[in-house]
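Student: Here it is, the structure in full.
The values are calculated or read from the model by the stated rules, or taken from the named source; none is laboratory data. Keep in mind the model is a prediction, meaning the values are calculated, not measured. All Cβ positions, even for glycine, are placed from backbone atoms using ideal geometry, and neighbour counts span all protein chains on display.
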Amino acid sequence: MAQNSSFKSPKRLNSLQGGAADQSSGAVPGGKARDASLEGIDFERRNFLGKTVGGIGAVVAAGALYPVVKYIIPPAEKEVKEKDEVVVGKVSEVPPDTGKIFQFNKDKVIVVNNGGKLSAVSAVCTHLGCLVQWKADEDIIYCACHGARYEDNGQIISGPQPLPLAPYNVRVDGDDLVISKA
């Protein structure tokens with residue numbers, strides 16, 4: 001079903017006028033006839049609406065695909081220079097017979113104060129990568145995931161772990177705890 005409209009393209013207007021010569025009311029400023037200046041331009045509504053809907057669809061598709069692409073492609077990692085020594089905290093944060101986990105570069109390190117003697121080892125269990133904890137009542141480092149037990153220096157006591165915990169050096173500098181690689 002065709003729509004009747006008052007809008008007429010220049011070609012249709014020319015055919016409706018019976019091929020009559022251009023009148024001054026249809027002329028474009030500058031002396032060009034209306035038909036000559038609009039040659040090749042399509043004034044059909046369907047074409048305009050098709051292009052508009054296609055453009056909006058392209059914008060919506062790009063908006064929906066952008067987060068998916070950002071999720072799939074990982075961001076570039078910033079290269080952080082690792083330090084040999086890091087001040088991780090204060091001595092007062094690790095009172096006697098306690099242990100606390102600190103961040104050392106990209107690693108997690110547990111500092112244990114066993115009766116005034118400080119020791120530092122990796123806080124990541126060598127079995128499956130769980131974080132360990134200090135059990136003061138037994139004087140051991142314990143992994144709650146699978147029951148791995150370590151001495152305060154990281155040596156294996158019992159459990160399924162294949163290797164001891166990696167040792168770190170710890171020293172007191174004033175009131176600061178300083179950890180360095182062993």
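Student: Inside segment 124-135, can you point out the residues that are farther than 17 Å from Val94 by Cα and in a strand (DSSP E or B)?
Tutor: Matches in segment 124-135: Val124, Leu131.
Student: On the basis of being assigned to a loop (DSSP other than H, G, I, E, B) and either among the β-branched types (Val, Ile, Thr) or modelled with pLDDT under 90 (or both), does Gln161 make the cut?
Tutor: In short, yes.
Student: Report every pair of residues separated by at least 6 positions or lying on different chains whose Cβ atoms are under 6 Å apart, first residue within segment 94-106 and without any contact (Cβ under 8 Å) to a residue 60 or more places away in the chain and surrounded by 13 or more Cβ atoms within 10 Å (Cβ to Cβ), second hydrophobic (A, V, I, L, M, F, W, C) and part of a loop (DSSP other than H, G, I, E, B).
Tutor: Close Cβ pairs satisfying both conditions: Asp97/Ala136; Lys100/Val94; Ile101/Ala123.
Student: So, in segment 80-93, exactly how many residues are surrounded by fewer than 12 Cβ atoms within 10 Å (Cβ to Cβ) and within 16 Å of Val112 (Cα to Cα)?
Tutor: 1
Student: Can we say Gly154 is part of a loop (DSSP other than H, G, I, E, B) and either at pLDDT 90 or above or among the small types (Gly, Ala, Ser) (or both)?
Tutor: In short, yes.
Student: If you don't mind, there's one more thing I want to ask. I need the full set of residues from segment 117-141 which are without any contact (Cβ under 8 Å) to a residue 12 or more places away in the chain and either closer than 18 Å to Asp107 by Cα or among the acidic types (Asp, Glu) (or both), in order please.
Tutor: Selection gives Gly129, Asp137, Glu138.
This table checks each residue for (1) under 20 Å from Gly89 (Cα atoms); (2) charged (D, E, K, R); (3) in the same structural domain as Ser119 (by TED's automatic domain parsing); (4) within 35 Å of the chain's Cα centre (by Cα).
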residue: Asp137; (1), (2), (3), (4): no, yes, yes, no
residue: Cys143; (1), (2), (3), (4): no, no, yes, yes
residue: Gly147; (1), (2), (3), (4): no, no, yes, yes
residue: Tyr150; (1), (2), (3), (4): no, no, yes, no
residue: Leu163; (1), (2), (3), (4): no, no, yes, yes
residue: Tyr168; (1), (2), (3), (4): yes, no, yes, yes
residue: Arg171; (1), (2), (3), (4): yes, yes, yes, no
residue: Gly174; (1), (2), (3), (4): yes, no, yes, no
residue: Leu177; (1), (2), (3), (4): yes, no, yes, yes
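Student: Has segment 127-143 got any residue that is under 22 Å from Pro167 (Cβ atoms), in contact with a Ser or Thr (Cβ under 7 Å, 6 or more places away or on another chain) and basic (Lys, Arg)?
Tutor: To start, the set of residues in segment 127-143 that are under 22 Å from Pro167 (Cβ atoms) comprises 127-136, 138-143.
Cutting the leftovers down to in contact with a Ser or Thr (Cβ under 7 Å, 6 or more places away or on another chain) gives us 134, 136.
Cutting the leftovers down to basic (Lys, Arg) gives us none.
Among the residues of segment 127-143, not one is under 22 Å from Pro167 (Cβ atoms), in contact with a Ser or Thr (Cβ under 7 Å, 6 or more places away or on another chain) and basic (Lys, Arg), which makes the answer no.
Student: Same structure again: In segment 164-182, which residues are crowded, with 19+ Cβ neighbours inside 10 Å and assigned to a loop (DSSP other than H, G, I, E, B)? Outline the logic, then answer.
Tutor: Taking segment 164-182 first, the residues crowded, with 19+ Cβ neighbours inside 10 Å are 165, 168, 170, 177, 179.
Passing the criteria: only Leu165.
Student: Across segment 82-135, which residue is nearest to the chain's Cα centre (by Cα) among those that are under 16 Å from Val172 (Cβ atoms) and among the basic types (Lys, Arg)?
Tutor: Looking at the filtered set, the residue picked out is Lys100.
Student: Name the single residue, out of those in segment 40-63 being in a loop (DSSP other than H, G, I, E, B) and surrounded by 10 or more Cβ atoms within 10 Å (Cβ to Cβ), that is modelled with the lowest pLDDT. First the steps, then the outcome.
Tutor: Step one: list which residues in segment 40-63 are in a loop (DSSP other than H, G, I, E, B), which gives 40-44.
Retained after the next criterion (residues that are surrounded by 10 or more Cβ atoms within 10 Å (Cβ to Cβ)): 42-44.
Details: Asp42: 56, Phe43: 64, Glu44: 76.
Filtering segment 40-63 for residues that are in a loop (DSSP other than H, G, I, E, B) and surrounded by 10 or more Cβ atoms within 10 Å (Cβ to Cβ), the one modelled with the lowest pLDDT comes out as Asp42.
Student: Which condition number in (1) touching an Asp or Glu at 6+ places or on another chain (Cβ under 7 Å); (2) of a type in the set (Val, Ile, Thr); (3) surrounded by fewer than 18 Cβ atoms within 10 Å (Cβ to Cβ) is the one that Ile141 fails?
Tutor: Ile141 satisfies every listed condition except (3).
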